[in-house]
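Novice: I'd like to ask you about the structure that follows.
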């Protein structure tokens, strides 16, 4: 007795459609593609901190408004020494890194953060043109 194997094109097509449904911005957000090429500096008061996945995140009140600041993933942030208790809401901080390439969008991907007189380099392998302040 011979069994017939039927090709079911719906499964591969469904997988392709699901992959295409993921917004490009969601994928780009975790890389560097959404950031401007030139390095920038940002200074302000920390209003919120999250050290969880997919990356450490801070809200910072600067002179021109509230910024969303992304650091590295938790393992890299911890390796740099930026761990729970190092900074808190109300602390002043300065960052070097890259602003969003979209005008008016207050998003910043930080390579370094200086808080309490100490600088934490969360991306030590990236070439930097700006020196941290502090």
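The values are calculated or read from the model by the stated rules, or taken from the named source; none is laboratory data. Bear in mind that the values here come from a model prediction, so they are computed numbers and not experimental data. Cβ placement follows ideal geometry from the backbone for every residue including glycine, while neighbour counts extend to all protein chains displayed.
Novice: Quick check on residue 9: is it at pLDDT 90 or above and loosely packed, with under 14 Cβ neighbours inside 10 Å?
Specialist: So residue 9 fails the test.
Novice: Right, next: Can you tell me which residues in region 63-82 are closer than 23 Å to residue 104 by Cα and surrounded by fewer than 17 Cβ atoms within 10 Å (Cβ to Cβ)?
Specialist: 63, 64, 65, 66, 68, listed by residue number.
Novice: Only one of (1) closer than 18 Å to residue 36 by Cα; (2) crowded, with 21+ Cβ neighbours inside 10 Å fails for residue 123. Which number is that?
Specialist: (2)
Novice: Scan region 30-54 residue by residue and report those that are more than 16 Å from residue 86 (Cβ to Cβ) and in contact with a helix residue (DSSP H, G or I) (Cβ under 8 Å, 6 or more places away or on another chain).
Specialist: 34, 53
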